[in-house]
Structures are given as structure tokens and as C-alpha cells.
1. Within the range 118-138, restricting attention to residues that are more than 10 Å from the ligand (Cβ to nearest atom) and touching a strand residue (DSSP E or B) at 6+ places or on another chain (Cβ under 8 Å), which residue is most open to solvent (accessible area, probe 1.4 Å)?
2. Could you grab me the full set of residues in the range 215-274 that are surrounded by 23 or more Cβ atoms within 10 Å (Cβ to Cβ), hydroxyl-bearing (Ser, Thr, Tyr) and over 16 Å from the mean Cα position of the chain (by Cα)?
3. Residues that are part of a helix (DSSP H, G or I) and farther than 30 Å from residue 355 by Cβ: does the range 89-96 have at least one?
4. Tell me, which strands (runs of 3 or more DSSP E) lie completely within the range 277-393 with 1 or more residues that are over 21 Å from residue 177 (Cβ atoms) and of a type in the set (Lys, Arg)?
5. Looking only at the range 27-55, count how many residues are under 30 Å from residue 376 (Cα atoms), open to solvent by 50 Å² or more (accessible area, probe 1.4 Å) and either within 16 Å of the ligand (Cβ to nearest atom) or not in a helix (DSSP H, G or I) (or both).
6. Any idea which of (1) among the polar types (S, T, N, Q); (2) open to solvent by 10 Å² or more (accessible area, probe 1.4 Å); (3) within 22 Å of the chain's Cα centre (by Cα) is the one residue 310 doesn't satisfy?
7. Within the range 103-112, restricting attention to residues that are in a loop (DSSP other than H, G, I, E, B) and either at pLDDT below 95 or not β-branched (Val, Ile, Thr) (or both), which residue is farthest from the ligand (Cβ to nearest atom)?
Amino acid sequence: YEALEAFDPDIAGVLLSELGRLRGGLQLIASENFSSPAVLTALGSTLSNKYAEGYPGRRYYGGCSEVDKAETLAIERCKALFDADHANVQAHSGASANQAVYGAFLTPGETILAMSLPHGGHLTHGTKMSFSGKWFDAVHYGVDKDTEDIDYDEVERLAKEHRPKVILAGGSAIPRLIDFARFRAICDEVGAIFWVDAAHFIGLVAGKAIPSPVPFADVVSFTTHKVLRGPRSGAIVCREEHASAIDRAVFPMMQGGPQMHTIAAKAVNFKECATTGYQAYAAQVIANANVLATALGEYGIRPTTGGTDTHLSLHDLQSVLVTGVEAEARCDAAGITLNKNAIPFDPQKPNIASGIRVGTPCVTTQGMGADEMRTIARLIATAATKGDADPDHPVSKEVRAEVTDLVARFPAYPR
Ligand code: PLP
């Protein structure tokens, strides 16, 4: 840090002020977490310098003896963690991992069946703005109007009607467990590949807190920076029969040189995730999410599906007459970072939205528990319903003072 500060005080200042921001507020974005100092050390290492196109033992560059060790450790630890036949740890991100899955199994124009974005899917699941919707024929299923959970009958009906090459389960705003056995049965019925994008919940699987998709799916892609708590990146595990298709799709089809520093950081993270401490963390993430969802509901901020089985809950603000964009701005002014989110069948446009999404990975890493979740629910409800986007508004100040006290008791990156 000293070398950076001496040469580039502007960027050094940003690093410090971002650390201050993380420490000074409540981080409730469901897809974020605080990686350990060990992971960050690997990320900021000289392994960033090395070109290593190819795979361990089969590189297109010399000098790969040391990075080969890092990638082999990452692969072996990833396979062991998820009890998977094969792991590819080179994807640069969740979107790049998904691109590789498309590359491995589909050619442009072929059909995929996936969860719709407004019902909780992801951009890369066939939306028109993304390569996935531009290059592939995407058919989308959604949630049931009453349960607000995945409409499995609709998945089956659409699968039989459209005969997709690939059926995709997973998304960015799904609070409930996914019935992987049901998806597998539907895939078998229509002869489709079963792909799970487990980006959001893979950390809970790693921590043995929820069932794994690995025994059911042909291929599972994921990010490594959400509940999992690793570096910002991606990975793919798959059945042995798909191993070479996946490896060829990651490199050379979609990517060039792998980021060896990030791969080393993934290896560190996979080792962390195999500990009992991480398993306790994953269970606590869910317990906290449950308390937070229920408590917000008691303030009239209804959790969709009635609650959560995972690290996140999605809340409908319509009965408190606040939009998602207003709630996000008011919470932000009060030191609470969360995001507006469309709820299923949302009457608002996505950039306004009727909901918010909250997640507990960060606050659980800080060591908070049920009591703090009840406090956080009260603070969100106060900021969202009585507060203002102006940080100088009295309610913003009052909530922010309580947030400051709370995070001082549970510091992120304790000194
Ligand atoms: N898939 C899902 C389900 C996600 O939630 C995300 C990111 O939020 C991604 C893929 C993309 O990951 P990345 O932002 O690393 O490209």
C-alpha cells in the first residue's frame, strides 16, 4: 500500500475511502461479500503477471511451473468441495462462465429454456440485451402467481412445446430452494441438457447448508464472489462426459489467458469453504436472512413467496406506498446499501421497481446474528417509509447514527 500511496495518492485514496465506506455502513446487496485477507493477498500477487494460455501441464507459454501448481490446487479443491467429476476454474466472471456453457452445448439459433429476468433470472439467461438473447432462441418460464415460486408445470409445458437443447435453472432473485430433481426429470423427458447457474447460492451448497445441484445437473456454473466469499470471478463444474467440451469452450473459444492471481485466490477460497467455520457461516447466513425477511414483513414490507430458504429475500413495497428506487435512495442516504428489484408481476418499470432485494452474506461475515437482523429490519423500514434521499434529512441522520453504532460493534475487516 505504501508504494501505491507514494506513486498514486488518487487511487490509494479511493482504496482507503472504499474501505471506509464498507466499514461505515450496512452492506445488504445479496450478491456481495467481504473476501478474507488471504484471498485478497493472492489477488494482489505477482501471479497477475503470468501468461498461461492452456491448462496445467498443457500450456502455450513457458514458465508455467508455479502457476500450474496454483491452478491444479484450485481444480482439485473445487472438485472435492462440490463432489464434482470435473472443474474448470478459468472463467473470468459469472457471465464468462455462462458464455462458455453456451459455447459448449449450443450453436447460435438453438433453443434454451430459462427463468425470465423479471421473475428472478439473469441477463445472461437469454435476455435481448445480452449475447444470450441475441444469438440464441430463448424461451422463458416464470413464477406461479399465487406461490411466487417457480412454476414447474409451466417449465414442463414449455419444455415439451419447444424441445430446448438446454434447460437452465437459477437466477439472481430467487429466495427459495430450486427443485433440481424436478428439473432433471423434465430434462430427461425432452432430452435436454440440464444447466444450473448457481451463482447466487453456490456458497450455501459449499457450506452444506442447502442441497447441491451437482448430482442432478449436467453442468453447474457459478460466480465465486457472492456467498462463497472468494475473489470476483467464475467457475464451472460438470459431469466427466462434458469435461473436454467445457474446457475447450472456456479456452480457446471464449477466453485468452487465464488470470492466474484470481485462480490462486479461488484456490484459497475453496480451502476456506471446506472448513467447519465456513459451514457454520453458511447456516447462519440463512438463519439471518429468515429473521430479516420475517421482521421486514412485520413492518408491512412483505417478503415475496412468504420468506426465504437462502441468503436473500425479495420484498414488495406496494403496501407501504414506496417504490424500489425511492427505498434504495432513502436507505443509501441512511448508510444502508441495498438494491431496488423488480418483483414478480411488477407493475413498475425495472428502473423504478416495486421491490427491494436484501441479502445477509456481508452482515453475517461481520458476525451479526438474529438480534441485529431485527434491528436492521427496523432501520430499513424507517428509512424506506419515513426517510428521504437527502442525507441531511433528520430521519437519514437518525438512522445513520444507529447504523454507525451497529457496524462499530461488528467491524468489517477489523483492524
Ligand atoms: N449468473 C447469476 C445468476 C448472477 O446473479 C450473476 C451476477 O450477479 C451472474 C451470472 C454474472 O456474474 P458476473 O457479474 O460475475 O459476470
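1. Only one residue tops the list, namely 137.
2. 262
3. No, every residue in the range 89-96 fails to be part of a helix (DSSP H, G or I) and farther than 30 Å from residue 355 by Cβ.
4. 339-341
5. Here the count works out to 1.
6. (2)
7. First, pick out the residues of the range 103-112 that are in a loop (DSSP other than H, G, I, E, B): 106-110.
Imposing the further condition that a residue be either at pLDDT below 95 or not β-branched (Val, Ile, Thr) (or both) reduces the set to 106, 108-110.
Numbers: 106: 17, 108: 20, 109: 23, 110: 20 Å.
This residue is 109.
Table: residues versus (1) of a type in the set (Ser, Thr, Tyr); (2) in contact with a Pro (Cβ under 7 Å, 6 or more places away or on another chain); (3) more than 10 Å from the ligand (Cβ to nearest atom); (4) not in a strand (DSSP E or B).
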position: 189; (1), (2), (3), (4): no, no, yes, yes
position: 194; (1), (2), (3), (4): no, no, yes, no
position: 209; (1), (2), (3), (4): no, no, yes, yes
position: 213; (1), (2), (3), (4): no, no, yes, yes
position: 222; (1), (2), (3), (4): no, no, no, no
position: 226; (1), (2), (3), (4): no, yes, no, yes
position: 232; (1), (2), (3), (4): no, no, no, yes
position: 235; (1), (2), (3), (4): no, no, yes, no
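The values are calculated or read from the model by the stated rules, or taken from the named source; none is laboratory data. All values derive from a computational prediction rather than experimental measurement. Glycine also receives a Cβ, built like all others from the backbone with ideal geometry; neighbour counts cover every protein chain displayed. Ligands, DNA and RNA are stripped out before the accessible areas are found, and what is left, the full protein with its side chains, is counted by its heavy atoms. Shrake-Rupley method; radii C 1.70, N 1.55, O 1.52, S 1.80 Å.
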